[in-house]
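Since every read-out is calculated from the coordinates, none of them should be taken as a lab result. Since the model is a prediction, treat every value here as computed from it, not as a measurement. We place every Cβ from the backbone using ideal geometry, glycine too, and count neighbours over all the protein chains shown.
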Amino acid sequence: MKAFVTGGAGFIGSHLTDSLIEMGADVHVIDNLSSGEQGFLNPSATLHQIDITDPTIIELIADHKPDYIFHLAAQADVKQSTAFPSEDLKTNLTGTVNLLEGCRKSPVKKFVFASTSAVYGNNPSKKLTEQSPVKPISFYGSSKAAAEMYIKLYSEFFSIPYSILRYGNVYGPRQTAKGEGGVIAVFLEKLMKNERLKVNGDGRQTRDFIYVQDIVDANIAASLHKGNDTFHISTGATTSILELIDLLKELHPSPIEYDHSEDRIGDIKHSCLTNTKAKKILKWKPAHSIMEGLSKTYTSR
Ligand code: NAD
């Protein structure tokens, strides 16, 4: 089985690459190493150091004829998307269209796309379903929502099988605090340096934190699922930033101190995705509680 993993040198993509290689797959990684690291890359994977916005990627897919494409490469930084919307759009939409063009030339068994809860924006509903209105409040969320629509149309016009996975807030080993690194990576880096944490706003904002290996398992389950569909890959549970600090206190031997700062533009107040559909159809469920995942992440530092 041959798999292409875009963004395979990044946080989530490198874990997915590891699991696919463990399963015996021939894994080709497409990554321009803009935020990914060569050191994360599994030595058994073949790296194509190319930008997904480069149209030569279409021929690369046609030449290699992968069975599966897991598309995770993206500009995933909300702040960057506000500062440079056209760059964000180019990577997240033109890059996705290039890969879909590749699939037109060389049909795949599944195109699995990494989407995000950011497509919903600030929805007051306590638990979002896959049917909730898509109403992003950042250019990042907008580019991902647009990419989803292109994937669906390519599928309709050119019979490309797809799974769109909208992730909650992913955390785990190898996540860096660079750029828009998730809050857990940012906090852990500060704790390792004995620095005070910075809590945006009042800290009562909530997130649906999901451990990276659970995301990997969902990608693999989605690749094997017959049919085109969109799934939440999440825990369906929420943790506030202040609760997260309390959990970290159980792992960290020294006292944890923090300050509050302003709310950030484009930040979502509450985010919780129901995962009932993925559980039922993909026969997948998250295997890690927040404490188990946090503990694995903490000890990997
Ligand atoms: P990451 O930044 O660690 O990984 C992205 C990878 O893509 C990096 O290796 C980077 O070098 C590569 N890349 C970026 N632009 C590229 C380009 N133009 N051409 C080729 N390679 C390029 O991010 P991540 O957290 O691992 O996220 C992976 C995917 O999951 C992204 O699509 C992101 O939008 C999505 N996602 C992540 C989260 C999260 O909490 N981390 C939540 C929801 C969705």
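Structure notes:
- Distant-in-sequence amide H partners of Thr230 (H built 1.01 Å from N, under 5 Å): Ile164
- Interchain or long-range residues, amide H under 5 Å from Lys109's placed H: Tyr68
- For the chain, the 222 nm mean residue ellipticity estimated from helices alone, with every DSSP H stretch of n ≥ 4 adding -39500 (n - 2.57) and the total spread over all residues, rounds to -10500 deg cm²/dmol.
- Expressed as a fraction of 2.2 N^0.38 Å, the C-alpha radius of gyration for region 210-301 is 1.32.
- Loop-located trypsin sites (Lys or Arg not before Pro) in region 63-164 whose Cβ has at most 10 other Cβ within 10 Å (DSSP): Lys126
- Separation between Cα centres of region 165-198 and region 76-152, rounded to whole Å: 22
- Cα-based radius of gyration for the chain, normalised by 2.2 N^0.38 Å, reads 0.96.
- Less than 5 angstrom separates the built amide H of Gly201 from those of Ser261, Glu262, Asp263, all sequence-distant by 5 or more or on a different chain.
- Within straight-line cross-link reach of Lys90, lysines at Cα separation under 25 Å, skipping those fewer than 8 residues along the same chain: Lys65, Lys79, Lys105, Lys110, Lys135, Lys144, Lys152, Lys178
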